[in-house]
Amino acid sequence: MGSLVEVLFHGRKVRGWVLGPTDEVPKRILPVRVRVSPVPSFDERGLKLCRWVAARYVAPLAAVLGRCAPPRVVSEEKGWVRVEPGGLGEPLEPAVADPWAAYREGAAVREGLDARRGVFVVRPAPEDEIDIALDAVGRALRAGRRAIVLVPQADPVPATAERLLEVFGDRATLFAGGSKRLRYRRWLEIAAGRYDVVIGTRPAVFAPLADVGLVLLSRESHPAHREDRAPYYHVRDVALARAEIDAAACVLSAPAPSVESSVLGAVQVEPARRHWPPVEVVRPGPEGRAPRLTSALKTVRRAFLFSPLPGAGVAQVCRKCGHPAACAACGGVLRAQQGRVRCVVCGAEGICTSCGAREFGLRRGGAEHVEQWAARIATVPVRAADRASGMFGERAAEEGVLVGGPESVGDLGPLDLDLVAILDADLAARRPGISAIERALTTWIEAATWAAPNGRVIVQSSTPNDPAVQSVVRGSPERFHRIELERRREGGFPVGAPVFRVVGTAAAAEELRVLPSITFLATTAGEQTICLLALDPGDVPVFGDLARSLAVRGDVERVEAEPHL
């Protein structure tokens, strides 16, 4: 099972996988010419997981199998030998401190991890996030099982991943990023059984790791956990499926868990007491500078200012002719960033549509503008946040104020800042997308965890009673989740309902319309018809069978699962 083989099909060499024995042998069958690789691409459980992904996301099984392993590098397969399953190092001693002692349902987590069963949604205190991951992985290894830890990005390596690699040493590997050769070499080493702990991004959920006792998803609500290329999937759902197939425990960990995690029926685990600095909500002042924020900046030594918009401002009018500013190529908005004016839609250089001039009057705002006025107020250096250079991670002892947007917020470990300020919070309500506010809330709470317990968090908002803003104040998204569940239900896209976008013909739309669905929307774009469906989970197999038959007939061009709405 899992062997990559080659057959001759209409004079062409075609590759495929051996899926195992069957009693349903067709009358015509092509003989296998050669076994291409000595390394099996998957085992029985891996195939079961791939079948689950293909069924849940209505994707071709071959496409899923092709993505469960990195691109092959033939020269790396020389001398490949599988190691017998089993621990690779000395038995681990239990941790001295129990990170679950101060958590509601902490005893249930300990019991589930030791027994390798159950699903747990954990909202760790900032100072406990790494210790919780270490304890969970350690319990799996002490039980003679292995662990998969999934992180949202590889660059920079999250603080949790770095600490796991440091503690577990040669027993752990990072399966994320790197060259094609390095990725395949690491995959071969995992398949050979040389590691007990695999830490990686989305593809690591398919890692060929035997005897898995734990699947841990770090920063569960992070948008990078969704695969935007076909076959589409969300790693949270695949992680849950893998844990069930492997008879393992599954831990979904995040400072602000997603609203989807609230409907899983999982054990909700949170600190028994508040681990959260005071949060002040103030109304924005001139240029986004509230008096309380200005006062705080004069005294802080280390701070982070979150500004969701990049650049220094949005172009309003041409300075030469006074014509309203717009992209000459597509009509989009022009933004000034790093000394240049460009279209935020197509990236074209800013040129006046009337006279061709390149100078514009700006409505000032954005991270670069915040950096400018903060530098005039603070008594310590102010600079733009740069995740590639480690931000505070490599400068933990340095004084300064960093200014950055969503791309700057991530798992950097406890930073104990004097101040974290969330600017322009009102913009979240004006962003398009059904999940726009939730994504903003996730980022706000992750940024707020950087403040020291005796530090300050300031949120600038004109709507202090907004549920998302109040969730930051409380340090928990629970109230927001309750309201969001009802909002999405009323909008026709209830949380937990699979959503599909189907591109095809009008005939396909008519046949899809008769399916039992929670919501069905259809529109035409040229000769194509685009359908948007929200389904009950139990109706996905029927939808999948129909969509596949319509694709064979030529009426369906593409099926996209869980599209951005």
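The values are calculated or read from the model by the stated rules, or taken from the named source; none is laboratory data. Here the structure is a predicted model, which is why all the values come from computation and not from measurement. With ideal geometry, Cβ positions are generated from the backbone for all residues, glycine too; neighbour counts draw on all protein chains shown. Note: areas computed on protein heavy atoms with side chains; ligands, DNA, RNA excluded. Shrake-Rupley method; radii C 1.70, N 1.55, O 1.52, S 1.80 Å.
A few points about this structure:
- On Cα atoms only, tilt of 129-142 relative to the major axis of the chain in degrees: 20
- Rounded accessible area per residue of the stretch 391-463, 1.4 Å, Å²: 36
- Among beta bridges from DSSP that stay inside the stretch 152-290, the antiparallel ones total about 20%.
- A Cβ-based charge dipole, computed about the Cα centre of the stretch 397-506 with Lys and Arg at +1 and Asp and Glu at -1, lands at about 680 debye.
- Between 0 and 90 degrees, the angle of helix 367-377 with respect to the longest Cα principal axis of the chain falls at about 40 degrees.
- Selection from V502, G356, Y57, by position along the positive dipole direction of the chain (Cβ): G356
- To the nearest ten degrees, helix 106-115 and the longest principal axis of the Cα atoms of the chain are 20 degrees apart.
- Take every pair of alpha-carbon atoms less than 8 Å apart whose residues are at least six positions apart; their mean separation over the length of the stretch 1-158 yields a relative contact order of 16 percent.
- Look at where the Cα atoms of the stretch 168-190 and of the stretch 427-492 average out, and the two centres are 37 Å apart.
- Of the GluC sites (Glu not before Pro) in the stretch 499-542, those whose Cβ has at most 15 other Cβ within 10 Å and which sit in DSSP loop: E527
- Neighbour-limited loop hits for chymotrypsin sites (Phe, Trp or Tyr not before Pro), the stretch 163-262 (at most 16 other Cβ within 10 Å; DSSP other than H, G, I, E, B): none
- Antiparallel bridges, percent of DSSP beta bridges restricted to the chain (to nearest 5): 50
- The residues of the stretch 170-266 present an accessible area of 29 Å² per residue when probed at 1.4 Å with all protein chains retained.
- Among the GluC sites (Glu not before Pro) found in the stretch 1-58, those both in a DSSP coil and sparsely packed, with 11 or fewer other Cβ atoms within 10 Å of their Cβ, are E24.
- Note on the chain: dipole from Cβ charges, positive end direction compared against L141, T524, T449; the farthest Cα belongs to T524.
- For S221, the residues whose amide H sits under 5 Å from its own are S258, ignoring neighbours fewer than 5 places away on the same chain, with H placed 1.01 Å from N.
- Placing unit charges on the Cβ atoms only, positive for Lys and Arg and negative for Asp and Glu, gives the chain a dipole magnitude near 1400 debye about its Cα centre.
- Per residue solvent-accessible surface (Å²) - the stretch 493-565, probe of 1.4 Å: 49
- Accessible area of the chain belonging to carbon and sulfur atoms, whole % at 1.4 Å probe: 52
- The largest accessible area among L174, L419 belongs to the first residue in L174, L419, and the rest follow in falling order (1.4 Å probe, all chains).
- Debye, to nearest 20: dipole size of the stretch 285-379, +1 on Lys, Arg Cβ, -1 on Asp, Glu Cβ: 320
- Relative contact order, whole percent, for the chain stands at 13, derived from Cα pairs under 8 Å and 6 or more residues apart.
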